[in-house]
Each structure stands twice: as structure tokens, then as C-alpha cells.
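A short worksheet on the structure shown next.
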Amino acid sequence: MRLTKILFSFLLLNLPMHLFAQDFLRWSDEFNGTSLDTNYWQYQLGDGCPDLCGWGNGESQYYQKSAVVVEGGLLKIKAKKEVIGSSFYSSGRIRTMNKFDFASGKIEVRARMPVGRGYWPAVWFLPTENYYGIWPLSGEIDMLEGKGQEPNNTYGTIHYGAHTPNNKYTGTTYTLPSGSFTSDFHKYGLVWKNDTIKWLVDDVVYATKTRANLPDFWWPYDRNFHCLINLAVGGNFLGYPDATTPDTATMQVDYIRVYQNLDDLFISGPAAVMRLEKQKEFYIQNIPGATYDWEVSNGFTISQGKQSYKSKIDWGFKSDSVHVNVTYNGKTSRISKYVMALPDTCKGIIDNAENIKSIYWVGGSGTYKSSVVNPAKEPMNNSNTCNRYYRSGGAQYDAMTLYSDLIHHAQDFESSKLIFKMKVYTTAPIGTDVNINLENYALSKSDYPIGRRCVLQAVTKQTRAWEELSFKLILRPDINMSEASIDQLVVLFAPNSTSSDVYYFDDFSIEETPCKSDLGNGISQMEGMGKIEIYPNPFTNEIGLKCPFVPSKLELLDIRGMCISSASQLEGINTILPNLSAGIYFLRVWNGAQQITVRLLKSN
């Protein structure tokens, strides 16, 4: 154990080797006092009951304040064998929730682990907001976990996925090349960026997880989390104490430090919105002493917080980026986030099982798999991949539940101003009902009809062939539920049946009736520029352009509105068209500061 702690000023001049000059110390606790700093920490007490008995893992300890001690420059969490209620051990657990919450950064902890079968020390992070739903939908990051019976190992893990029992995790075990985590202090690190998390021990990176590691699910590590430090006893992760386990154990933490780099910041907020939505909230990390300046394109309005870390934006017609300039200690970084707005034309794709995904599977009695091979490529759907759901014959109402941060209102779908459409291929017979329910997750835990705002229905007209279904309102079960409280879509294939058919679905979309715009360009502006004609459309390898003016620039966009290529002449666009996959694209034609966007369809 070190006799003295490194002073704050010394820290800034002597950063660890894996840090860089532009990193600054955002927050730390050196545990130099004689009590826990409750400006940043709060105690968690008890056995988790009644809501989460055994803390969700079948643990054996009862948490109490007296087990958390700050002395000698260390945080000590002490576990002891004793009976408290139905628990057989006492121990301690603390967290920074709503006192220090953060997203991104380089976190460093120097600690020494306890020894003994069944002792489970951890430094980990949970979401403060549960924006995507309750655990594990909003994620969990385990910076370090130890097993008292494995003194040479530590574990780094992320948890994510669908509702239990369909929750997922991925992690890595690190084994010390010499010594043990229980006999001496070691330095644990976590480097958290927008789409990457890395784990370190003694400055050595031993694991990396990215968005690509979650192929069927969203990446929930893009919003505020808080830190937890605890010493659990027993449970599903490592088993229970036995006759060899010491009656007492202590987890010791020398310090915890969070470093920040302005360039690693990211904007937290929805990845997709309904166009013209109001008061959409975005935020970036609230760093004391930093200044903020938000920017949006013409047609958008910052309704609140232009010079705050948190802003609210009234959206325009199109998919676009929001930006914030963050200045701290003389350095300015411009941070951007691209947000998809739907419908981006008369019809906007929300999931095509390929490059567009703004809805995610979070539960169901059946078996779901995304991005599987199309069972029958044909003109109605010649995509290479699609989604698949095997309906459970044992569930009378098999509810395939989907999450989206896009759809929170029901009214426009009830009035048919907006219509859900979905391409479906199924082994089910002609005349099979397919329902989409707009629901609230928390309320729908109650008995039917509470929490079920509306039921939209379509009926199949084919079997073993692709068709596009359009969903119309048939029922309003919970008439008292707010239309603005939707947080899940529930798809019921063949409700009120024992069918076990398979359903492939693709190009889940929203159609606007009547269509009011074309990728966000005003009708008057388009009329003032004259008529644009693209031929052939659909195209295969190249296109022609008839235009009443000489374009100043041409841009080719994908279906999300992202620019693929730009050129001053059509030949520059035509050079890349043969390499594109089949699907929907847009050609944006510029005349000075004005523009027209035309929808294109590439066939095989």
C-alpha cells in the first residue's frame, strides 16, 4: 500500500502511459478522508427485497453502512459471516447514481481483491436513466469482477439484449502472468468511447467490445451510467462459500479516477425521430467549467438549451445531424450525431434487416433471428437478408415485442395519417391475422387491456410468397391510456391460435398519407426550380438526367439520407452506380443554394 496519495496537480503532470496530453482528470476519489464522501456516493442497503431479493443473482449478503470504511487512504468494503434476517453474511455496496453520472472516458481503479470461495468483488456501471428499458435493455458494464476462489483471474463483461430469459452478455477472462489479484494491488482500466469499450489490467488491453459484437441488438452504452463498488457473497456467477471460506474478507480500493478527452465525447439522444417532432432531447457530458454551443440546420429549431450541455430540438423534415461545440481549458471540439427522420419520403424504412435498424427485438415466446437469408428472392422482395420469427405453438398470444426510440405516439397511426407496412413471407395459411399493438411496457404488465393503446391489423393473402401488408386500426383496448406514452411495438402473428408457423419479415416501414414532402424539401422550392426527370427509374447500371438548369453539384444518398458520393457532373455519379446493391437511393440536384431530391430505385 502506498504511504501517500498522488496530489491532483501531480496527476495532471504525470498521467499514466495509456493516457495522452489532451486527457484531463474529470473526477476522482482518492479515499483520503475518514468517511465516505456522500457528495458523490450513496449507500445501498439490505438484501434487495422485496423487488430484487438476492440482488437478482441469488446472493447471500445483507448490505449495511458499517461494512463500508474509509481509512488509511483506502476504501475498505468488509464482508463478515453473520446472520441478518435471511442473509448469512454482511457486506457493503455503494454507488454514484445521480451524484456522478457519465458516458465515455478512461476510468482507472487501483484495488486489491479479497480471497476465499464465494467472495465476489466488483467495480461496475449501470445506466442511470434506463432509457431503453429495464435490465438488461439499457446495458451493464462490468469493469472488474473477481472470484475469491480464483485469485489470478479478473473478468470484464457487458450485459445487453432482450428481456430475461433472453438477456445476453459477452466478456473476457484475464489471468495474471504472475502474482495474484489478492496478494497485491493492481491497476484496472476501462476505455469507453462512442462505439468501443476496452478493458485493461496494469495498462495492458486484454479485451475490446464494439457495436459489431451485438449483431442482433442495439448498443445501449451511449447514455449516462453510474459507478457501483461492492463485495457480494455467493450467487449464480461464482457459487457459494464452503468450509474453506474465511469468515471475513476485505476488498480494498486505493482510488478511482475518471479522465476525459473532449474528442471522445458523444451526443446522447434518439437515433431516429418522427419528422416535425417537437422537444427531442439531446445531451453531452456536463463538465464543470466547459461551455457549449449547439447547432442545427435550417428548418430545425433549438427550443431550449442552446448553450447548455442539454438541449431540446424541434425537428424539421429531413434526416440530418445535430452538432455541439464543446470548449474546455482553451480547447474546442465539435461533436456531431446523425439522426434519421421518418418518413424520409412518402415511405420511410425503419428496419430492412441490413443497414437500417431503428427497432429491436426485446422479447417473445417464439424464436427471433435478424439478418437471415431470404427464403425466396422474388420481385416483391429480392433483398439478400430479412428477419425471421418462429411462432411458439404453445403460446395462444405469442407477443413478439419490439423496442424503438422512434415511435412514442399512437394518434397518427390510429387516424391512418401514418401506416405501418411490412413485407411478410410465411408458411401460415391465407387469411392469417397479423396484429401490431402500440403499448406501454410498464402499464401492460397489468391485466389486459391496461397499457394496450391500440391494435392495428393486416390479413395475409398469400402463403409461401412475399407480400406487403398494410396495418389499419381495428381496436382501442385501453381508451384511458395516453396516446403519447408508447414505448413498445408488439407484433402478434396468428393471435389466439396454436400455430407454430415461421414468419419472415422485411422492409418494416411507415407510410405517410398523403405525402407532404420529398426528403424534407419544400414544394414551393421545388416548383420554383422546375421539373427534374431521371431515366431509367428503376435503373441498373447508370442513369440519365433531364434538368432545366446546369447543376452546380450532384449528391447520391442512401436510404438513410447519408451521402454516398458527390460530383459536379452526372458521369461522376454513374461511375459508382454499378457497384451499388439493389434498393432505394436519392439523387440530390443542387442549383446554387437550392436543391431538389429525386427518389431512385436500383434493380438487380
> Taking a ≥ b ≥ c as the square roots of the eigenvalues of the Cα gyration tensor of region 8-262, is the shape rounded (a/c under 1.5), prolate (a/b larger than b/c) or oblate?
Replying inline: rounded
>> Could you work out [θ]222 nm for the chain from helices alone, using -39500 (n - 2.57) per DSSP H run of at least four and dividing by all its residues? Round to the nearest 500 deg cm²/dmol.
In response: -1000 deg cm²/dmol
> Can you give the charge dipole size of the chain about its Cα centre, rounded to the nearest 20 debye, using +1 on the beta carbon of Lys and Arg and -1 on the beta carbon of Asp and Glu?
Replying inline: 400 debye
>> Which one, V339, N98, A212, projects farthest toward the positive side of the charge dipole computed for the chain from Cβ point charges (K/R +1, D/E -1)?
In response: N98
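Which GluC sites (Glu not before Pro) in region 86-193 pass both tests, a DSSP loop state and at most 16 other beta-carbon atoms within 10 Å? Kindly include the intermediate steps, with their values, before the conclusion.
Details: sites: E108, E129, E140, E145; in loops: E129.
Taking region 86-193 and a limit of 16 other Cβ atoms within 10 Å, the loop GluC sites (Glu not before Pro) found are E129.
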> Counting other C-beta atoms within 10 Å, which of C515, C386 has the fewest, and how do the rest follow?
Replying inline: C515, C386
>> Counting other beta carbons within 10 Å of each residue's own, what order do T245, T175 fall into, fewest first?
In response: T175, T245
>> If the only charges are +1 at each Lys and Arg Cβ and -1 at each Asp and Glu Cβ, what is the size of the charge dipole of region 375-494 around the Cα centre, to the nearest 20 debye?
In response: 380 debye
> To the nearest Å, what is the center-to-center distance of region 92-164 and region 335-357, using C-alpha atoms only?
Replying inline: 33 Å
>> I'd like the Kirkwood hydrodynamic radius of region 459-521, using the inverse of the mean 1/r over distinct C-alpha pairs, in Å.
In response: 15.6 Å
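Quick check on the exposure proxy: order S311, S66, S333 from fewest to most C-beta atoms within 10 angstrom.
S66, S333, S311
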> Among the lysines in region 269-342, how many pairs, 8 or more places apart or on different chains, have alpha carbons under 24 Å apart?
Replying inline: 18
> Hey, can you rank 269-280, 36-47 by average C-beta count inside 10 Å, highest first?
Replying inline: 269-280, 36-47
> Stretched out fully, how many nm does the piece from V550 to L475 gain, at 0.36 nm a residue minus the Cα gap?
Replying inline: 21.7 nm
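No value in this document is a laboratory result; all are computed from the given coordinates. Model, not experiment: these values are computed from the prediction. FYI the Cβ positions are ideal-geometry reconstructions off the backbone, even for glycines, and counts take in every protein chain you see.
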